Amino acid sequence: MFEASVFRQRRLQLMQSMGSGVALIPTAHEALRNRDSHFPYRFDSYFYYLTGFQEPEAVLLLVADAQPKSILFCRDKDMEREIWDGFRHGPAGAVERFGFDEAYSIAQLDEMASKLLANQPKLYYALGQDQAWDARVTAWLNHLRAQGRSGISAPAEICDVRTLLDEMRLFKSPEELDTMRRAAKISTGAHINAMRATRPGKMEYEIEAELLHEFRRHGSQAPAYSSIVAGGANACVLHYVVNNARLRDGDLLLIDAGCELDGYASDITRTFPVNGKFSGPQKDLYELVLAAQAAAIDKVRPGSHWNQPHEAALEVLVRGFIDFGLCQGTPEAVLESGDYRRFYMHRTGHWLGLDVHDVGEYKHDGGWRQLQPGMTLTVEPGCYVRPADGVPKQFWDIGIRIEDDAVVTATGCEIITAAAPKMIGEIEAVMTC
């Protein structure tokens, strides 16, 4: 985890952007899995970005004025609960460890929130994200409005705090990039191990287990998302997560998996033959997707707009679809009709960071926003061929996606997942080891 000074500086930056008012950012709720068993707890990304605090039942209040102040509300120290559930910092420990100006028991939040919101011009809060919190905030505001004849006013304006935070989170700091590189390294090793473990007759979940083992043994706290381990026709299901089919000789295996490290996601997809050797049709489509990805990566650089990598990949794919008889007509006609969407129906990337589909606007002032140094994104073209009339039979049930994580630099981009093999010769060599 980063030093407390990193989180303190983020809080100050947000308060400077606010100008005046109060920001309220709660962390995520704990969620019951069944009866007394909870899902593994994962903090809210916005809250963590500003605090580094990983315990549930916590709220951050930022007061932006001439003397900006950050206040945490969290669980009290409780030795009996710590015996059952583990260590708690408590308010005093939170101030010492995380550099808040003040900290109080979460039990005091309702009492203090109205006082802190009184006579403030604006409330910065993610209205509509959580109904329980919406009701609680509304109660505070109504309590203040009821005191109008005493000269007390409620904030006249509610602003979405995510608008300011999304722009901050879009540009990664050196500390964030270092963590993302380490997450990428762990995930790269996991994909290599998965390739080496794959052979006909194994189950998809056995290969998933290789990924999860490699993530955890190198310090990752969890997968960044549900791993996709899809053999044969299953690879044509974009969000396939059942992972319970047997791998067959002659099929491809598509793995879309990445670990989360200290809150930051990695996201890699590799596709390779179960038996270690690409067939002719598999090789044809694989090299097409690989060429599309290369064309897209070439456009990941400062000055390009967000959609240029997608446009570059799509141009390559459409020409290939025509060459292989998947689509008919000129490239211009296929693009205009959208016929290519039968085989490529998703975008070529997304922002990456604390969330695997990270925050940040893709358009700015009505147009695609320009890529700038510090932005991080995925580059992931694909091709998915389901059996259908008029579709060449040799391509049926082939699903291919190749995905890497890119950091926009001053001169181009850095592919932080480049060590995961994706050239045909590299893949076949790894699988013979």
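A few points about this structure:
- Point-charge dipole on Cβ atoms (K/R +1, D/E -1) for the chain, about Cα centre, debye to 20: 100
- Between the residues 275, 106, 187, the greatest Cα displacement towards the positive end of the dipole of the chain, with unit charges on the Cβ of Lys, Arg, Asp and Glu, is found for 275.
- Note on residue 279 and residue 244: the extension gain reaches 10.2 nm, defined as 0.36 nm multiplied by sequence separation minus the Cα-Cα distance.
- Rg ratio (alpha-carbon, reference 2.2 N^0.38 Å) - the range 247-373: 1.21
- For the chain, built as a Gaussian network whose Cα springs stay under 10 Å, the top-fluctuating residue of 172, 202, 422: 202
- Principal axis dimensions, the chain - Cα atoms, whole angstrom, descending: 79, 51, 39
- Our coupling estimate for the range 98-103, obtained by passing each phi through the Karplus curve with A = 6.51, B = -1.76, C = 1.60 and θ = phi - 60°, is 10, x, 6, 6, 8, 8 Hz, Gly and Pro reported as x.
- Comparing 135, 118, 154 in a Gaussian network model of the chain (Cα springs below 10 Å), the most mobile by mean-square fluctuation is 135.
- With the largest listed first and rounded to whole Å, the semi-axes of the equivalent ellipsoid of the range 10-126 from the Cα gyration tensor are 27, 15, 13.
- In the chain, Cα pairs under 8 Å separated by at least six residues give a relative contact order of 13 percent.
- Isotropically averaged projected area of the range 78-233, using the convex hull of Cα atoms (one quarter of hull area), nm²: 15.3
- In the structure shown, the pairs 202/393; 283/422; 185/422 are assessed against 18 Å; a Cα-Cα span above that value is assigned to 202/393.
- Label-to-label distance, nm, for residues given as residue 177 and residue 32 (7 Å Cα→Cβ offset): 4.6
- Spacing of the two label points (7 Å from each Cα toward its C-beta) at residue 3 and residue 196, in nm: 3.8
- For the chain, a Gaussian network of Cα nodes joined below 10 Å ranks 119, 234, 307 by mean-square fluctuation, and the top entry is 119.
- Rounded to 5, the percent of DSSP beta bridges in the range 4-168 classed as antiparallel: 60
- Close amide H partners of residue 398, meaning residues 5 or more places away or on another chain with modelled amide H under 5 Å apart, are 385.
- Legend: calculated FRET efficiency, residue 315 to residue 92, from the Cβ-Cβ distance at R0 = 51 Å, rounded to 0.05, equals 0.30.
- Residues 357, 310, 191, sorted so that the one with the fewest Cβ neighbours within 10 Å comes first: 357, 310, 191
Throughout, read-outs are computed from the coordinates displayed, never taken from laboratory work. Being a predicted model, the structure only gives us computed values, none of them experimental. All Cβ positions, even for glycine, are placed from backbone atoms using ideal geometry, and neighbour counts span all protein chains on display.
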